[in-house]
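Student: Just dropping this structure here.
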Ligand code: AMP
Ligand code: MG
């Protein structure tokens, strides 16, 4: 679909997600950061392991490394008496010669000498003078309790592809191959503004017809959770020139500008017109509730999202559509699709086929451990309290009509999204 066709068409949520993912390129700049500053950053280049992990065969248990006649993996060791000739401790290997019938004391993580075939765990060993015996009734097999060199990571093999967002365990893995710094994409810079003549900043006095503005703090905090650097452009009145100035200011400062409000087709809805003047609108109708008016486009130097102003719509469209764009902008190679669960519906749902719905709901497991879901009573996109009470979306496809109690329905947990 070309841009023109797209902007006329009502898109499905899946199409919108795909257009956002395809429509954004990762940020250009790349930084070299120390590992202890790399949490949640996105790798800008693949990492290949310079070593085997573990570097050498080592013991998984405290016990005795045995040198046996048997050598085939899994073979039961017949001999039961071994001559104790040395030690291998973690960090202090054994350097002597070994012959069949010898054994050495070994601790967890210590290097297994190349001639040793098995670890006899100390619980199964009996020591008498300089001899170690396998306790009667206990079996010891070749290969047992030996952690093989390279069984975790192999030298010259890729550990991570570019585009991986690093979690704490990933940092451990990088550390285990001796890496101290990584190349990551710069954090996306995102500018946020709210439009509306009726909007006042909390703390100010409200006049007739005014409301306290709430979308900016929702967006700014979600952006921070999404590991972006944020720029707050404040509240802008419904004035084409002021909106234009704010968009251009954001465009100078940020990789992405997000505006809430004024994206529909009312008398005071200028978002679309202004973006068309200074940049391009990619699409602006999505068959989703909340979120039908939604704009994605470009400004001269940045990307642009226009979100519907109703507080629930702002949070939900950010979560479902903007987040995907942020992941791409941040350099992620995959857009981390949401995990879907199925739950039994606790109360009936009225729905017209036509648009996909993301209802706010509470999911819980009943006494039998069955997952159940209760849609919240007020699904108005102006009612932010229902969003705050909810712990999941109840996801209804565009085709779905009314639903009855006990029917199976898709849910997506909020987890840490908001
Ligand atoms: P709009 O998208 O501009 O037509 O706004 C839709 C509804 O959301 C109106 O009731 C607005 O007052 C409300 N609204 C718009 N922006 C905000 C905001 N930043 N904070 C709270 N409510 C808003
Ligand atoms: Mg408005």
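The values are calculated or read from the model by the stated rules, or taken from the named source; none is laboratory data. Note that this is a predicted model, so its numbers are computed, not measured. Note that we place each Cβ from the backbone using ideal geometry, even for glycine, and neighbour counts take in every protein chain shown.
Student: Quick test of your reading of the structure: residue 71 fulfils all but one of (1) over 41 Å from the mean Cα position of the chain (by Cα); (2) modelled with pLDDT of 95 or more. Name the failing condition by number.
Tutor: So residue 71 meets the others, but not (2).
Student: Please find, among 375, 348, 353, 337, the residue that is within 17 Å of residue 400 (Cβ to Cβ) and out of contact with any strand residue (DSSP E or B) (no Cβ under 7 Å at 6 or more places or on another chain).
Tutor: Every option except 353 fails the conditions.
Student: Within region 320-366, track down each residue that is surrounded by fewer than 19 Cβ atoms within 10 Å (Cβ to Cβ), touching a helix residue (DSSP H, G or I) at 6+ places or on another chain (Cβ under 8 Å) and more than 20 Å from residue 415 (Cα to Cα).
Tutor: None - no residue of region 320-366 is surrounded by fewer than 19 Cβ atoms within 10 Å (Cβ to Cβ), touching a helix residue (DSSP H, G or I) at 6+ places or on another chain (Cβ under 8 Å) and more than 20 Å from residue 415 (Cα to Cα), so the list stays empty.
Student: Name the residues in region 378-399 that are farther than 18 Å from residue 315 by Cβ and out of contact with any strand residue (DSSP E or B) (no Cβ under 8 Å at 6 or more places or on another chain), would you?
Tutor: Correct list: 399 only.
Student: To continue, here is another question. How about region 189-217: which of its residues are within 16 Å of ligand 2 (Cβ to nearest atom) and closer than 30 Å to residue 331 by Cα?
Tutor: Hits for region 189-217 are 192, 193, 194, 195, 214, 215, 216.
Student: Also, I was wondering about something else. Looking at region 193-206, I want the residues that are without any contact (Cβ under 8 Å) to a residue 24 or more places away in the chain and assigned by TED's automatic domain parsing to the domain that holds residue 235 and have a partner that is in a strand (DSSP E or B) and more than 9 Å from ligand 2 (Cβ to nearest atom) with Cβ atoms under 6 Å, at least 6 apart or on another chain. Which pairs are those?
Tutor: 198/211; 202/212; 206/200
Student: For region 241-284, name all the residues that are within 16 Å of ligand 2 (Cβ to nearest atom) and either in a loop (DSSP other than H, G, I, E, B) or loosely packed, with under 14 Cβ neighbours inside 10 Å (or both).
Tutor: 261, 262, 263, 264, 265, 266, 267, 268, 269, 270, 273
Student: I would also like to ask the following. Of the residues that make up region 162-180, is at least one outside any loop (DSSP other than H, G, I, E, B) and within 24 Å of residue 248 (Cβ to Cβ)?
Tutor: For region 162-180, residues outside any loop (DSSP other than H, G, I, E, B) and within 24 Å of residue 248 (Cβ to Cβ): absent.
Student: Which of the residues belonging to region 209-236 are buried (at least 16 other Cβ atoms within 10 Å of the Cβ), within 13 Å of ligand 1 (Cβ to nearest atom) and touching a residue at least 40 places away in the same chain (Cβ under 8 Å)?
Tutor: 214, 215, 216, 218, 219, 233, 235, 236
Student: Looking at region 367-381, which of its residues are under 13 Å from residue 357 (Cα atoms) and crowded, with 16+ Cβ neighbours inside 10 Å?
Tutor: 375, 379, 381 - these are the residues of region 367-381 that are under 13 Å from residue 357 (Cα atoms) and crowded, with 16+ Cβ neighbours inside 10 Å.
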